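Report on the structure given below.
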Number of protein chains: 2
Amino acid sequence: MALKLYVHRASQPSRALVIFCKVNEIEFEEVFIDLTKKQHKSPEFLEINPMGQVPAMVHGDFKLFESHAILSYLASAFPKVADHWYPSDLIQRAKVQSVLDWHHSNLRRGSVTYTFNVKFAPAFGLPLNPQAAAEGEKVLSESLSKLESFWLSESGKFLVGADKPSIADLSLACEIMQLDFLEEDDRKRILGPFKKVQQWVENTKNAASPHFNEVHETIFRQVRAMAKKQQSTGEKSEA
Amino acid sequence: MALKLYVHRASQPSRALVIFCKVNEIEFEEVFIDLTKKQHKSPEFLEINPMGQVPAMVHGDFKLFESHAILSYLASAFPKVADHWYPSDLIQRAKVQSVLDWHHSNLRRGSVTYTFNVKFAPAFGLPLNPQAAAEGEKVLSESLSKLESFWLSESGKFLVGADKPSIADLSLACEIMQLDFLEEDDRKRILGPFKKVQQWVENTKNAASPHFNEVHETIFRQVRAMAKKQQSTGEKSEA
């Protein structure tokens, strides 16, 4: 049964899905949805996901969106996925579910609000918004603090004290990686104080090697090239 | 194994948990956490939920927070809970998970932002905020529109086309019920255009009868009595 993932690698949940499938050797077709060309609002894509967002999935004739729902579906639908990704043990699964639910209104909301308003808005024809960025940074920093002091407080190398990564580690670590798009000073100011968070991102990279780094490197290269082009165009038009 | 739910019935996810347990005849102790007295930030409660929010659960010695994680845990941990609440069928479960994930940044975010900033803020010593209320109403109305046009577009009486309710119906219907705290004009303006949504809330009330109404009536009575008392105190102090 064919599996298609509709993604843009600048989207952190899109990357989590692509990495998950690669690490678990699940065959899939990666369908690129160009957000800067508003392909996620096209009639064809709205047939796949009426909310007009990436990522989305089609497996056979089953359409699904929301990255956490897709990750738990794939972990359950493909028997070769090791149990630690989405534990069958009730208590372990509930812990993973709890961190995934917490993520929505905390780390994800802070990170998206901040990075969009200091970096990505112009690519979507919108101005940067310093006030929204400041509100986003507050939520982001509080969330990183909770990650450091609570979700990573147990002895294991991964979230909720696990020895091996779950879909929550992939989802949240891809969110943190979004900070690599920022200016180095901003990234250091925000992430610098949180040593356990930094070590856990490294642990997740290693556990999902080499795919975690490969997937991130392709998009970082593209975004840097695009920024350079924009800068050079800007300099020419000023000259 | 003892089950304790730490709740305040003015909290919509707290109500969803209480109703779920009552409907499914799961024995539990309801521990009242008085949000207006900041009991959710007390050292004792932070031992239960370090995020300082209701609801939270303790089952034996297992502590859990985030209402969706608790609902799916309870549906799985108590064999007498009928399958439709959290379907074991992979595709049906993925659909329920998708609507639960969507809820966080859409219906819930809009409803909480709006109701807090037009109604509840003073109970927490904060001023009403018309600008935040307007932003909340926008997200809320867009979410109600997606409920009407997408999540309730299939033939069943419940979300994602189901014939019987799931934990998602309880969670989202309790959110909609929060609008009953508003002035009647505000409630009608916001909810009036969405006939399918109104019918689905009725379907959910009926499916979870009599507990759905009982749980809501106790808190509506309390909040109305509190508002009357505040009004009468205000009139006396103005006299």
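The values are calculated or read from the model by the stated rules, or taken from the named source; none is laboratory data. Every value quoted in this text rests on a predicted model; they were computed, and no experiment measured them. As a convention, Cβ positions derive from the backbone with ideal geometry for all residues, glycine included, and neighbour counts pool all protein chains shown.
Report yes if residue A:41 is surrounded by fewer than 16 Cβ atoms within 10 Å (Cβ to Cβ), in contact with a Gly (Cβ under 6 Å, 6 or more places away or on another chain) and either modelled with pLDDT under 95 or more than 10 Å from chain B (Cβ to nearest Cβ) (or both), otherwise no. Spelling it out, residue A:41 is indeed surrounded by fewer than 16 Cβ atoms within 10 Å (Cβ to Cβ), in contact with a Gly (Cβ under 6 Å, 6 or more places away or on another chain) and either modelled with pLDDT under 95 or more than 10 Å from chain B (Cβ to nearest Cβ) (or both).
The residue list B:23, B:31 contains one member that is free of Cβ contacts under 8 Å to residues at least 40 places away in the same chain, away from chain A (no Cβ under 14 Å) and of a type outside the set (Lys, Arg), which is B:31.
Test residue A:175 against the criterion of being farther than 24 Å from residue A:18 by Cα and among the charged types (D, E, K, R), and give yes or no.
Against the criterion (farther than 24 Å from residue A:18 by Cα and among the charged types (D, E, K, R)), residue A:175 does not qualify.
Residues that are outside any loop (DSSP other than H, G, I, E, B), within 14 Å of the chain's Cα centre (by Cα), farther than 18 Å from residue A:81 by Cβ and aliphatic (A, V, I, L, M) within region A:14-57 comprise just one, A:56. Would region B:58-78 turn up any residue that is β-branched (Val, Ile, Thr), modelled with pLDDT of 95 or more and touching a strand residue (DSSP E or B) at 6+ places or on another chain (Cβ under 9 Å)? For region B:58-78, residues β-branched (Val, Ile, Thr), modelled with pLDDT of 95 or more and touching a strand residue (DSSP E or B) at 6+ places or on another chain (Cβ under 9 Å): present. Is it the case that some residue within region B:170-181 is out of contact with any Lys or Arg (no Cβ under 9 Å at 6 or more places or on another chain), surrounded by fewer than 19 Cβ atoms within 10 Å (Cβ to Cβ) and at pLDDT 95 or above? Within region B:170-181, none of the residues are out of contact with any Lys or Arg (no Cβ under 9 Å at 6 or more places or on another chain), surrounded by fewer than 19 Cβ atoms within 10 Å (Cβ to Cβ) and at pLDDT 95 or above.
Only one of the numbered conditions (1) at pLDDT 95 or above; (2) more than 23 Å from residue A:107 (Cβ to Cβ) is not met by residue A:228, and that is (1). Taking the criterion of being buried (at least 19 other Cβ atoms within 10 Å of the Cβ) and either under 20 Å from residue A:105 (Cα atoms) or without any contact (Cβ under 8 Å) to a residue 24 or more places away in the chain (or both), the residues of region A:155-165 that qualify are A:159, A:160. Do we have residue B:186 as within 16 Å of the chain's Cα centre (by Cα) and among the charged types (D, E, K, R) here? No: the conditions fail for residue B:186. Residue count for region A:191-213 under the criterion of being assigned to a helix (DSSP H, G or I), in contact (Cβ under 8 Å) with a residue 60 or more places away in the chain and buried (at least 19 other Cβ atoms within 10 Å of the Cβ): the result is 1.
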